[in-house]
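*Asks:* Pasting in a structure now, in structure tokens, and then I'll have a few things to ask.
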Amino acid sequence: MEQLLKGKVALVTGGTSGIGQATAFLYAFHGAKVVVSDLHYTDTISRIKEKGGDATFVMADVSKASDCEQLINRTIEIYGRIDIAFNNAGILGETNNLADTSLEGFAQVIAINLSGVFFCMKYEIAAMLKQGSGVIVNMASILGTVGFATYSGYVAAKHGVVGLTKNAALEYSKKNIRINCVAPAFINTPLLDTIDANGKESLVVKHPIGRLGVSEEVAELVLWLSSDMASFATGGYYPIDGGYLAQ
């Protein structure tokens, strides 16, 4: 099987579980050297190395600009460049109607899901401009274009990610930097662990395909956008949603 990312250096934030971990595994399988970043270390790195891949863990809190700058700098120190960045780190955050949402809860989800993407892009793009090329994939959501009651902070953040993605793509397309975002519906990841079985079942019926997605399905889309197979794709919003947005 052809390795789509052979010789590339890829960064994945929120890479120790769920979609981030699945993408890190797929990047490594396709020949990339992978920097996995998160708040806590897991067995992601050892599992990649067991299969002959090259991976390094760098701890970072994406809600802090200084951590994001250090993350990109460490990636370049270790591997010499950064060809691909998957800005995936995120949280669901507080679930309440808007008037009942705490100021702290709203600020937290914006800090991680939106400001974190901006901070990472700021330093990733600066590095990619120096080397003359790069690819960025941001984690948006179906809730980047539609609403979902009790998720004001999350919905606002993901709408913001879509806007950042489009704007940055316009600014840097002529600089050989492609920037897109993926938009999953509800995926069966640890992010949904706070939802009970009845809650998950109520989510399932919202997807015409009749089930929740799995991380590996989203990772395949991220891989395509990260590879040269998507060489004409930039500024795009790519739903992977089991038909959710078609309703």
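*Asks:* Of all residues being farther than 17 Å from Leu4 by Cα and among the small types (Gly, Ala, Ser) in the stretch 14-26, which is surrounded by the most Cβ atoms within 10 Å (Cβ to Cβ)? Just the residue, please.
*Replies:* My answer is Gly15.
*Asks:* Quick check: is even one residue across the stretch 150-172 surrounded by 15 or more Cβ atoms within 10 Å (Cβ to Cβ), more than 17 Å from the chain's Cα centre (by Cα) and closer than 30 Å to Lys33 by Cβ?
*Replies:* Yes, there is a match, as at least one residue in the stretch 150-172 is surrounded by 15 or more Cβ atoms within 10 Å (Cβ to Cβ), more than 17 Å from the chain's Cα centre (by Cα) and closer than 30 Å to Lys33 by Cβ.
*Asks:* Is it fair to say Gly105 is at pLDDT 95 or above and closer than 30 Å to Phe186 by Cβ?
*Replies:* yes
*Asks:* Collect the residues in the stretch 162-221 that are assigned to a helix (DSSP H, G or I), farther than 18 Å from Ile142 by Cβ and in contact (Cβ under 8 Å) with a residue 24 or more places away in the chain, keeping them in residue-number order.
*Replies:* Ala168, Ala169, Leu170, Tyr172, Ser173, Lys175, Pro190, Glu216
*Asks:* Against the conditions (1) more than 17 Å from the chain's Cα centre (by Cα); (2) farther than 24 Å from Leu4 by Cβ; (3) among the hydrophobic types (A, V, I, L, M, F, W, C), where does Ala55 fall short? Just the number, please.
*Replies:* Only one criterion in (1) more than 17 Å from the chain's Cα centre (by Cα); (2) farther than 24 Å from Leu4 by Cβ; (3) among the hydrophobic types (A, V, I, L, M, F, W, C) is unmet by Ala55, namely (2).
*Asks:* Okay, moving on. Taking interchain pairs and intrachain pairs at least six residues apart, which have beta carbon atoms under 6 angstrom, with the first residue in the stretch 96-111 and of a type in the set (Phe, Trp, Tyr) and the second crowded, with 16+ Cβ neighbours inside 10 Å?
*Replies:* Phe106/Gly153
*Asks:* I'd like to check something: does the stretch 61-73 contain any residue that is surrounded by fewer than 18 Cβ atoms within 10 Å (Cβ to Cβ), in contact (Cβ under 8 Å) with a residue 24 or more places away in the chain and touching a strand residue (DSSP E or B) at 6+ places or on another chain (Cβ under 9 Å)?
*Replies:* Within the stretch 61-73, not a single residue is surrounded by fewer than 18 Cβ atoms within 10 Å (Cβ to Cβ), in contact (Cβ under 8 Å) with a residue 24 or more places away in the chain and touching a strand residue (DSSP E or B) at 6+ places or on another chain (Cβ under 9 Å).
*Asks:* Take the residues in the stretch 27-46 that are surrounded by 22 or more Cβ atoms within 10 Å (Cβ to Cβ), aliphatic (A, V, I, L, M) and over 13 Å from the mean Cα position of the chain (by Cα), then tell me which one is nearest to Asn73 (Cα to Cα).
*Replies:* Val35
The values are calculated or read from the model by the stated rules, or taken from the named source; none is laboratory data. Keep in mind that this is a model prediction, so the values were computed, not measured. As a convention, Cβ positions derive from the backbone with ideal geometry for all residues, glycine included, and neighbour counts pool all protein chains shown.
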